[in-house]
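J.: Have a look at this one.
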Amino acid sequence: MLITRTSLFSGKTNTLDLPVTEEQFAVYRGGVLIQDAFPNLNEDQREFIMTGMLPDEWEELFEDNDQEAL
């Protein structure tokens with residue numbers, strides 16, 4: 001299923017083809033925890049559904065925070 005989200009970090013809109021069903025989305029929208037609604041997805045895929053962020057954006061975000069801590 002094609003899932004389109006806008007990143008909370010970059011504002012970019014991305015689309016991923018994820019192995020999920022409409023039924024899983026209905027369960028998730030109904031309030032079930034994401035890891036329970038989509039047990040077949042990895043952390044990066046679930047994060048994309050929640051925030052629209054891709055792994056490279058997380059790395060960039062935390063890289064910037066690491067630099068500020070120095």
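The values are calculated or read from the model by the stated rules, or taken from the named source; none is laboratory data. Bear in mind that the values here come from a model prediction, so they are computed numbers and not experimental data. Positions of Cβ are generated from backbone atoms using ideal geometry, with glycine treated the same way; all protein chains shown enter the neighbour counts. Remember, those area values only see protein heavy atoms, side chains included, never the ligands or the DNA or RNA. Shrake-Rupley method; radii C 1.70, N 1.55, O 1.52, S 1.80 Å.
J.: Can you spot a residue in segment 39-61 that is exposed (fewer than 11 other Cβ atoms within 10 Å of the Cβ) and aliphatic (A, V, I, L, M)?
T.: no
J.: Kindly provide the set of residues from segment 1-11 that are surrounded by 11 or more Cβ atoms within 10 Å (Cβ to Cβ) and at pLDDT 95 or above, ordered by number. Before the answer, list the steps.
T.: Keep residues of segment 1-11 that are surrounded by 11 or more Cβ atoms within 10 Å (Cβ to Cβ), which gives 1, 3, 5-10.
Hits for segment 1-11 are MET1, ILE3, ARG5, THR6, SER7.
J.: Now for a separate question. How many of the residues making up segment 24-38 are open to solvent by less than 40 Å² (accessible area, probe 1.4 Å), aromatic (Phe, Trp, Tyr) and part of a helix (DSSP H, G or I)?
T.: Result for segment 24-38: 1.
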